[in-house]
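The values are calculated or read from the model by the stated rules, or taken from the named source; none is laboratory data. For clarity, every value in this text was computed on a predicted model and none was experimentally measured. Heads up, the Cβs are rebuilt from the backbone with ideal geometry, glycines too, and the neighbour counts pull from every protein chain shown. Note: areas computed on protein heavy atoms with side chains; ligands, DNA, RNA excluded. Shrake-Rupley method; radii C 1.70, N 1.55, O 1.52, S 1.80 Å.
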Amino acid sequence: YLRGEYGELARLNQSWGTQFADWSQVGIADPADLDETAALKTGNTARWFDRQAFKSWNFVRFCGKYRTAYEALDPQAKVGFEGAGLFDRGDDIGLIVGSNTFWSPYPGTADEVIRSLAPREFPRANWMGYTKDADSLLAKYWRMVVLGMDSVWWWRWDCIGRFHGWLAPDLRPFPAVTELLADTRMVREGLGDLLLHSTRQDDGIAILYSYPSSLIHQQRGGASFGSYESAHLGAQALVRELGLEFRYITDRMVRDGELDNAAISVLLLPRAEALGDAEAEAIRRFVERGGLVVADVRTGIYDGHCRARTKAALDELFGVRREGVGDAILAQDGELGTLKLDSRVQPTTGTALKTVTGVAAFIANTSGTGETLFLNADFSAMAQLAQPEAAETVATDMALRLARFGVLPEYTLVGHAGARERGVMVSRWQNGDAAIVSLFRTAGVRSEVKVLLPHAAAVYDLRRRELVTTGRGFTTAVVPNRASFFAVLPSKAPAAKLVLPAEARPGDVVAATVSIPRASGLHALRLRVTAAGTPLDSLDRNVLVGQEPVRLALPIAWNDPTGRYDI
């Protein structure tokens, strides 16, 4: 593993501060210290990190043996595992996604990385079913859907006790399950099929998932600035409070040249403390070519193997100088509450836009045709933008800064008294000329929201199954834990065409075709059949259809009712 990472023994020796003469000499310093904790305590963070990274790499190789075996039995097998996936506890999320063909972790921040990296054919989900009230169950269910997962995993159908299952002992659904089924019905009646064949959108914003940073972030005073995960939650909140959406990119992807200015306009670096030379150079080029980088404290103070740098990798890019590393100082800010500031950082070529208790908190700089914004405080403070008491200045300034780089919300949410509606996640999918938009809030209260569109469109409420506007805006309720979905089309939905034979007999398999001649993408249709006025639900189904006719086979049983059939 180490030979693959370093290539040359001299590079390993330089990183670890060792003098090995041959690769055969490289190993654990103390066989009784398998985690290399002694190396961490003495400041040899590179040796410690490489041991932790090896464990994740070795686990993935272990999984690979199962994948090889199962695919030999069935070439179409999807091989992976369920569970795990903690965001900052040693799981190399990018490596796991790249080496397996499915993964269903427990809910958490890792889901955002997985949905960004996984190819379309990679099944992903979470486990749910651990609570007994409808609201918390619905929050878990709809979170999976709006994050683009393609299945929902329930633990389990028969539980009684600490968890209750899907069915009660009398084999009826529990009341909370009944409510869950009613609220999510539209997913099973066409929306789910359509989402699986649509492309989830972002706004050209990437967040860096730095695996080495996730391990090293609490060392040398880092714990006083909060956790790696809380910083990422703050970065996500910042983006979503501005009505925007993001994707994740990994340090491997940056090294491989995937930090592309054509696809990414803004890069966020929450607690990216460990950056290799190749990643740092790619980020510099990204800014010089017209990108915006927003980073927070301690960026680049380690290299890609977590070896402490004498000078942080991107300080010149941010226009700052740093006098060592250490603990945060706490300061109260009228807009963002408690800030964890780094008093050792001062601007050089950068401009202090915000100063708190004498410490430059926001520092802006330029390089080439791009810009940087250094938040000399932990990104977690940005989560405050969702709170009603938080001042709007920071959100407004951030929105204007992003707008200069062409990043604007596709849909604007206006709440009470014309103010920005807070705490709502806006997700978008694209299918031809049609967009699917969801609004989702997991906490707070019900509110009435006006949704402003970039241009006039025909908007359908998919929950209520009705046209709500053909203009540039509409009003809807945002209900906590219950997602709303809307189809946004350039004009009213074109009519479907169903071709059937004039008659059929019991025992026939009726050959039918359905199409939407003027469709520009796929539409989800729900076919329902009644026989002489009686629902014949055995023939109900979902059909994804566009301009090309889709063939249907409708089997009429010998004992089905006779008379008029309506489809």
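Looking only at residues that are within 18 Å of residue 190 (Cα to Cα) and not hydrophobic (A, V, I, L, M, F, W, C) in segment 514-532, which one is most open to solvent (accessible area, probe 1.4 Å)? Give the steps one after another, and end with the answer.
Just the residues of segment 514-532 that are within 18 Å of residue 190 (Cα to Cα), to begin with: 514-516, 519-529.
The next check asks that each one be not hydrophobic (A, V, I, L, M, F, W, C); those that pass are 515, 520-521, 523, 526, 528.
Numbers: 515: 12, 520: 68, 521: 19, 523: 37, 526: 78, 528: 96 Å².
The qualifying residue most open to solvent (accessible area, probe 1.4 Å) is 528.
Only a single criterion out of (1) farther than 30 Å from residue 442 by Cβ; (2) assigned to a loop (DSSP other than H, G, I, E, B); (3) small (Gly, Ala, Ser) is not satisfied by residue 511, namely (2). Consider residue 380 carefully, then state whether it is among the hydroxyl-bearing types (Ser, Thr, Tyr), part of a helix (DSSP H, G or I) and either buried (at least 17 other Cβ atoms within 10 Å of the Cβ) or touching a strand residue (DSSP E or B) at 6+ places or on another chain (Cβ under 8 Å) (or both). So residue 380 fits the description; yes. Of all residues in segment 404-415, those that are within 10 Å of residue 242 (Cβ to Cβ) and over 22 Å from the mean Cα position of the chain (by Cα) total 0.
Do we have residue 88 as part of a loop (DSSP other than H, G, I, E, B) and either among the charged types (D, E, K, R) or open to solvent by 30 Å² or more (accessible area, probe 1.4 Å) (or both) here? Yes. In segment 497-521, of all residues being in contact (Cβ under 8 Å) with a residue 40 or more places away in the chain and touching a Leu at 6+ places or on another chain (Cβ under 6 Å), the one that is nearest to residue 454 (Cα to Cα) corresponds to 512.
Selection over segment 302-361 of residues that are under 30 Å from the mean Cα position of the chain (by Cα), in contact (Cβ under 8 Å) with a residue 60 or more places away in the chain and open to solvent by 40 Å² or more (accessible area, probe 1.4 Å) gives a count of 2. Look at residue 50 and say whether it is assigned to a loop (DSSP other than H, G, I, E, B) and of a type in the set (Asp, Glu). Taking the combined requirement at face value, the residue does not satisfy it. Are any residues in segment 496-513 among the β-branched types (Val, Ile, Thr) and either touching a Phe, Trp or Tyr at 6+ places or on another chain (Cβ under 6 Å) or exposed (fewer than 13 other Cβ atoms within 10 Å of the Cβ) (or both), and if so, which ones? Matches in segment 496-513: 499, 509.
Limited to segment 398-429, what total is found for residues that are in a helix (DSSP H, G or I) and in contact (Cβ under 8 Å) with a residue 12 or more places away in the chain?
Taking segment 398-429 and keeping what is in a helix (DSSP H, G or I), we get 398-403, 416-418.
Adding the requirement that they be in contact (Cβ under 8 Å) with a residue 12 or more places away in the chain leaves 398-399, 401-402, 416.
Result for segment 398-429: 5.
For segment 533-549, taking the residues that are in a loop (DSSP other than H, G, I, E, B) and open to solvent by less than 60 Å² (accessible area, probe 1.4 Å), the one that is farthest from residue 468 (Cα to Cα) is identified as 536. Meeting the requirement of 2 or more residues that are closer than 14 Å to residue 375 by Cα and not acidic (Asp, Glu), the helices (runs of 4 or more DSSP H) wholly within segment 234-335 are 315-318.
Say whether the condition of being part of a loop (DSSP other than H, G, I, E, B) and not small (Gly, Ala, Ser) is met by at least one residue in segment 58-73.
First pass over segment 58-73, keeping only residues part of a loop (DSSP other than H, G, I, E, B): none.
So far as segment 58-73 goes, no, none of its residues is part of a loop (DSSP other than H, G, I, E, B) and not small (Gly, Ala, Ser).
When we screen 395, 360, 383 for residues that are in contact with a helix residue (DSSP H, G or I) (Cβ under 6 Å, 6 or more places away or on another chain) and within 22 Å of residue 222 (Cα to Cα), the only hit is 383.
Looking across segment 90-123, just one residue is touching a residue at least 24 places away in the same chain (Cβ under 8 Å) and among the basic types (Lys, Arg), and that is 115. Kindly evaluate residue 231 against the criterion of being part of a helix (DSSP H, G or I), over 27 Å from residue 81 (Cβ atoms) and touching a residue at least 40 places away in the same chain (Cβ under 8 Å). Yes; evaluated as a whole, the condition is true for this residue. Scanning segment 132-146 for residues that are touching a residue at least 40 places away in the same chain (Cβ under 8 Å) and either in contact with a Leu (Cβ under 8 Å, 6 or more places away or on another chain) or under 19 Å from residue 198 (Cβ atoms) (or both) turns up 134, 137, 138, 141, 142, 143, 145, 146. Residues in segment 430-465 that are touching a residue at least 60 places away in the same chain (Cβ under 8 Å), closer than 19 Å to residue 385 by Cα and open to solvent by less than 50 Å² (accessible area, probe 1.4 Å): 440 alone. Count of segment 195-221 residues, restricted to those that are more than 21 Å from residue 112 (Cα to Cα) and either under 20 Å from the mean Cα position of the chain (by Cα) or open to solvent by 30 Å² or more (accessible area, probe 1.4 Å) (or both), is 3. Considering each residue of segment 23-44 in turn, at least one proves to be surrounded by 19 or more Cβ atoms within 10 Å (Cβ to Cβ), touching a helix residue (DSSP H, G or I) at 6+ places or on another chain (Cβ under 9 Å), in a helix (DSSP H, G or I) and free of Cβ contacts under 8 Å to residues at least 40 places away in the same chain.
Among the residues that make up segment 58-67, is at least one of them open to solvent by less than 50 Å² (accessible area, probe 1.4 Å), among the aliphatic types (A, V, I, L, M), under 25 Å from residue 248 (Cβ atoms) and touching a strand residue (DSSP E or B) at 6+ places or on another chain (Cβ under 7 Å)? No, there is no match, as no residue in segment 58-67 is open to solvent by less than 50 Å² (accessible area, probe 1.4 Å), among the aliphatic types (A, V, I, L, M), under 25 Å from residue 248 (Cβ atoms) and touching a strand residue (DSSP E or B) at 6+ places or on another chain (Cβ under 7 Å). In segment 403-417, the qualifying residues are those that are open to solvent by 60 Å² or more (accessible area, probe 1.4 Å) and of a type in the set (A, V, I, L, M), and the one that is farthest from residue 450 (Cα to Cα) is 408.
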